[in-house]
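Beneath this line is the structure, given in structure tokens, with notes to follow.
The values are calculated or read from the model by the stated rules, or taken from the named source; none is laboratory data. The structure displayed is predicted, hence computed values, not measured ones. Note that each Cβ is placed from the backbone with ideal geometry, even for glycine, and that neighbours are counted across all protein chains shown.
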Amino acid sequence: MMNFERSALALVGVLTAGLFTVSLVDPASRETAAPQAVIKAQAADSGVYRLVASVKDGLTPLKIDFTLPVTKDLDVVPEEDQVLVHLSYDLDAVVKGESQVPRLFLASLPPALTKIRETKERKSAFLKTVLPLVLQVNEEILASRKRLWDLRYRQSLGQRIGPADRLWLVVMAERYGLARDDLDGLIERVDVIVPSLALAQAATESGWGTSRFVREGNAMFGEWTFSKSTQGLIPLDRDAGRTHKIRVFDSLIDSVRSYAWNLNTHRAYEEFRKIRQSLRANGAPLDGMVLAGGLLKYSERGAEYVDVIRSMISANDLRRLDDVRLLEEDATPHPII
């Protein structure tokens, strides 16, 4: 029995050490692993390609129609092809509760989005592309938030927090810039970005998906970087003497994750977090119109920028999307890459 216990303890030690090493080498830049999928093209009877997203681990593949000339089989759809994604779900039906948002995640905006002449259709395509990404990132945040509340509750009962949870808290505290024992501070910071606000900012910062920054660098929210080691795009109209770049990302979901982390950690958005915490404390719903008031420092335009975001939310009725959910039948992301 003693030998078994020693062996078990040794195994736990090895696993803990391994987890700690991984956290140092690759700290948590996201709550879940990046989506993975393989795209195959098959000729359809209608004269277009039907692309089958074969998701790993034996999950049911998605089937999405793309408008493409039938010329040859493709292993991966090249970006230069003018691909128009026909997203099948209906936002109105989602809002009414008749359906849910599919777990369909595009790595980049389809180039053909800028070719849609009808403004209403282009906006709808943009929203239906970005909304699943925002909901996915919020799911990831909520999973961590729930774990924090569970730990806080156990701590209030005087229960001992195990080594795996302690290690996780160290990583989270480091990522969110807080002391490892500041559970209340983490709970305030590890919280969702309400969809109406995220969608309004994405639409504003990317020009409804038409800006150079989102087309060339998946930069949905126009995040600045001054780091020489961080890849970025130089604004064409950057003033003389300025050194900032617009940070680029490997995929759209990376941009959304960075945006959420930015609002949840940067000192410039402390007021935003206080407003959100106040709404939580009062049992009020998170309201994008109210939360926009905490974004005075997001843009050099200050109060004018806040007015723009509020107008974007109001004019496009984005608050109706605040309570929608991703499909529950499958918790694994189905991306297109």
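Annotations
- Filter result for ALA112 (within 19 Å of the chain's Cα centre (by Cα) and either at pLDDT 95 or above or outside the structural domain of ALA292 (by TED's automatic domain parsing) (or both)): no
- If the condition is being within 15 Å of ALA260 (Cβ to Cβ), out of contact with any strand residue (DSSP E or B) (no Cβ under 7 Å at 6 or more places or on another chain) and without any contact (Cβ under 8 Å) to a residue 40 or more places away in the chain, then region 195-220 contributes only GLU205.
- Consider region 185-221 and keep the residues that are modelled with pLDDT of 95 or more and of a type in the set (Asp, Glu). The one that is farthest from the chain's Cα centre (by Cα) is GLU188.
- Scanning region 128-151 for residues that are at pLDDT 95 or above, of a type in the set (Lys, Arg) and surrounded by 13 or more Cβ atoms within 10 Å (Cβ to Cβ) yields ARG145, ARG147.
- Annotation: of all residues in region 169-179 being surrounded by fewer than 17 Cβ atoms within 10 Å (Cβ to Cβ) and either in contact (Cβ under 8 Å) with a residue 40 or more places away in the chain or of a type in the set (Phe, Trp, Tyr) (or both), the one that is farthest from LEU133 (Cα to Cα) is VAL170.
- Pairs linking a residue in region 141-168 that is basic (Lys, Arg) to a residue that is part of a helix (DSSP H, G or I) and surrounded by 11 or more Cβ atoms within 10 Å (Cβ to Cβ), with Cβ atoms under 7 Å and 6 or more positions apart or on different chains, are ARG145/ILE187; ARG152/LEU183; ARG152/ILE187.
- Of all residue pairs spaced 6 or more apart or on separate chains, those with beta-carbon atoms under 8 Å, a first member in region 180-194 that is in contact (Cβ under 8 Å) with a residue 24 or more places away in the chain and a second member that is assigned to a loop (DSSP other than H, G, I, E, B) and not basic (Lys, Arg) are LEU186/LEU178; ARG189/LEU178; VAL192/LEU286; VAL194/LEU286; VAL194/ASP287; VAL194/ASP322.
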